[in-house]
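The values are calculated or read from the model by the stated rules, or taken from the named source; none is laboratory data. It should be emphasised that the depicted structure is a prediction, and the values quoted were computed from it without experimental measurement. Note: ideal-geometry Cβ built from the backbone for every residue, glycine included; neighbour counts use all protein chains shown. Note: areas computed on protein heavy atoms with side chains; ligands, DNA, RNA excluded. Shrake-Rupley method; radii C 1.70, N 1.55, O 1.52, S 1.80 Å.
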Amino acid sequence: MSLSPARVFAALNAVRPPDQALPILDKAVVVGGSIAGMLAARVLSDYAESVVIIDRDDLQTAGERPGVPQGTQLHALLPGGFLQFEQLFPGFREQALAQGAIEAPPTARRNYLDGRLKVVVPNDADSLAGSRPLLERLIREQVLRLPNVKVVTARATGLVFDGPEVTGVRYDVDGVSGVEGGDLVVDAMGRSSRLSEWLGQAGWERPVTRRMTVHLNYATALFRRHEANPDAAVVLAVHSPEMSSDVAGAAFFAIEGDRWMAMMVGYGDSRPGRTAEDFVRRLRDQFPPEFGEVAGNEMLGDVQTYRHADSRRRDFHAVKRFPARLVSVGDAVASFNPVYGQGMTAAALHAACLSTYLRTNPDLSVPARQYLALQKIVVDAAWSLSTSADLALPHVDGPYPRGYRVSSWASRQIIAATVTDVTIARRFNEVVSLREHPRSLASPGVILGALRANRRAR
């Protein structure tokens, strides 16, 4: 039976933890203490007597994790992800604000397209501005506080199988091997997940991995912030490929510690902002005045750079022979061009898929096809949003999906209309924040509305 993507998105965005625990598992094992792994562990805590998280980093230590090399870069928590976090962790907003995060309602968010300020969407969902280490620490503290969750600091080395089922995880601690048995194993090892390799070594089918090469270059810097509650807490400025072949865009967020976090992005051979002088100069000369005002403050520390070679997805849903009692979440399934800020929100929706699957009391002795079908809808949506935008870049040469020329033309019309038309901007925001499925933008009414708005603007 086919699933309606629109209905699945509506249901997943409304998923809440059960009113009381519904244990159907003795033990669940999560491999990886990433944000996706922590969100999965939070969901599993409602359905398992105990949850074990295996990670090579000491998860009890606050701050940046060595296993997150991109942690120093700017991260966006989309409104859709913010709502999911609030559902999983009641009071998350208040705790984040108490630790210095900045609330960003629609009036405190500014978006520029090729130098043109987009309209504000009244009553749009709130967002939250804070560093990746802060958000990750808040989630980690909430999860590790749960009485049935514990951590094993170790390097996962493989899976344990019993016939068609996964029954545990092998791990290594300082050369000493061990096994953590479980009724369900969750792969949250990120984009470098070794699950495909482990499956192949055990004679199982490996999922097909799809890639889109983007050669993204990030540069991020911190500046001192003097305003406690700035009028503009989140500001983004995007340059379309036709307008700039050098700098694709920039953004800055107000974050904890009375700081601004500013980011600049280029593609291919363009690596803007690698030095402090170049970073400040470009913010002042190539972006709206707010960027120059931030760059006029004291820079704290050095510019941090990061390179993202490609977006990738592993099509677990298409694997014909897949073991039971095994699922994957987060970047282990799909990691997107990070410039679109989908990562944390997509991980939250994967957790919602897991909760939806487990609350049906499924037969765990067979592969989790119901979960994989739900997750595919989420991955397809985020993948189509990011890759369709990436295909517009001059250095990206496909693969192009069927009907790309028509869909690309429609996307350009809709994006242009978001500058002046509140109705189109609202629908666009719902989609890019993963609160609605992208198909809602493909309706004739939306496209005609965008054409009319663009004619009025001209």
Selection from the range 192-206 of residues in a loop (DSSP other than H, G, I, E, B), crowded, with 19+ Cβ neighbours inside 10 Å and in contact with a strand residue (DSSP E or B) (Cβ under 7 Å, 6 or more places away or on another chain) yields S193
Review point. Does any residue of the range 252-260 turn out to be under 19 Å from N337 (Cβ atoms) and part of a loop (DSSP other than H, G, I, E, B)?
Key: no
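Residue-by-condition table, conditions (1) in a helix (DSSP H, G or I); (2) open to solvent by less than 30 Å² (accessible area, probe 1.4 Å):
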| position | (1), (2) |
| --- | --- |
| A346 | yes, yes |
| A352 | yes, yes |
| P362 | no, yes |
| L385 | yes, no |
| R402 | no, no |
| A410 | yes, yes |
| T420 | no, no |
| E430 | yes, no |
E298 vs (1) open to solvent by less than 50 Å² (accessible area, probe 1.4 Å); (2) in contact with a Lys or Arg (Cβ under 6 Å, 6 or more places away or on another chain); (3) farther than 20 Å from R110 by Cα: all pass except (1)
Checked the range 229-239 for anything in a loop (DSSP other than H, G, I, E, B) and either open to solvent by less than 10 Å² (accessible area, probe 1.4 Å) or at pLDDT 90 or above (or both); matches are P230, D231, A232, A233, H239
Taking first residues from the range 382-399 that are within 21 Å of R439 (Cβ to Cβ) and modelled with pLDDT under 90 and second residues anywhere that are in a loop (DSSP other than H, G, I, E, B) and open to solvent by 10 Å² or more (accessible area, probe 1.4 Å), the pairs with Cβ under 6 Å that are 6 or more apart or on different chains are A392/P241
Filtering the range 34-64 down to residues that are of a type in the set (G, A, S) and either touching a Phe, Trp or Tyr at 6+ places or on another chain (Cβ under 9 Å) or modelled with pLDDT of 95 or more (or both) yields A36, G37, A40, A41, S45, A48, S50
A416: passes all of (1) open to solvent by less than 40 Å² (accessible area, probe 1.4 Å); (2) under 26 Å from D269 (Cα atoms) but (2)
Flagged pairs (Cβ under 8 angstrom, 6 or more apart or on separate chains; first in the range 193-207, farther than 16 Å from K320 by Cβ; second open to solvent by less than 80 Å² (accessible area, probe 1.4 Å) and of a type in the set (D, E)) are S193/D187; S193/D331; L195/D187
Flagged in the range 207-228 as outside any strand (DSSP E or B) and surrounded by 15 or more Cβ atoms within 10 Å (Cβ to Cβ), in numbering order, are P207, R225
Scanning the range 12-34 for residues that are of a type outside the set (G, A, S) and open to solvent by less than 10 Å² (accessible area, probe 1.4 Å) gives L12, L25, V29, V30, V31
Considering the range 268-283, residues that are of a type outside the set (G, A, S) and more than 21 Å from V235 (Cβ to Cβ), and then whichever is surrounded by the most Cβ atoms within 10 Å (Cβ to Cβ), we arrive at R271
In the range 71-129, anything among the charged types (D, E, K, R), under 22 Å from G343 (Cβ atoms) and touching a residue at least 40 places away in the same chain (Cβ under 8 Å) is listed as E103, R109, D124, D126
Considering the range 107-123, residues that are charged (D, E, K, R) and touching a strand residue (DSSP E or B) at 6+ places or on another chain (Cβ under 8 Å), and then whichever is nearest to G80 (Cα to Cα), we arrive at R109
It is to be established whether one or more residues within the range 287-294 are assigned to a loop (DSSP other than H, G, I, E, B), open to solvent by 10 Å² or more (accessible area, probe 1.4 Å), of a type in the set (F, W, Y) and out of contact with any His (no Cβ under 6 Å at 6 or more places or on another chain). yes
Report yes if V238 is farther than 30 Å from L354 by Cβ and under 25 Å from the mean Cα position of the chain (by Cα), otherwise no. yes
(request) Determine whether N111 is modelled with pLDDT of 95 or more, under 25 Å from H239 (Cα atoms) and not β-branched (V, I, T). (result) yes
So, first residue under 16 Å from V265 (Cα atoms) in the range 295-306, second residue open to solvent by 60 Å² or more (accessible area, probe 1.4 Å) and among the β-branched types (V, I, T), Cβ within less than 9 Å, six or more apart or across chains; the pairs are V303/T275
query: Could you say whether any residue in the range 324-337 is out of contact with any strand residue (DSSP E or B) (no Cβ under 6 Å at 6 or more places or on another chain), crowded, with 23+ Cβ neighbours inside 10 Å and on the phi > 0 side of the Ramachandran plot?
result: yes
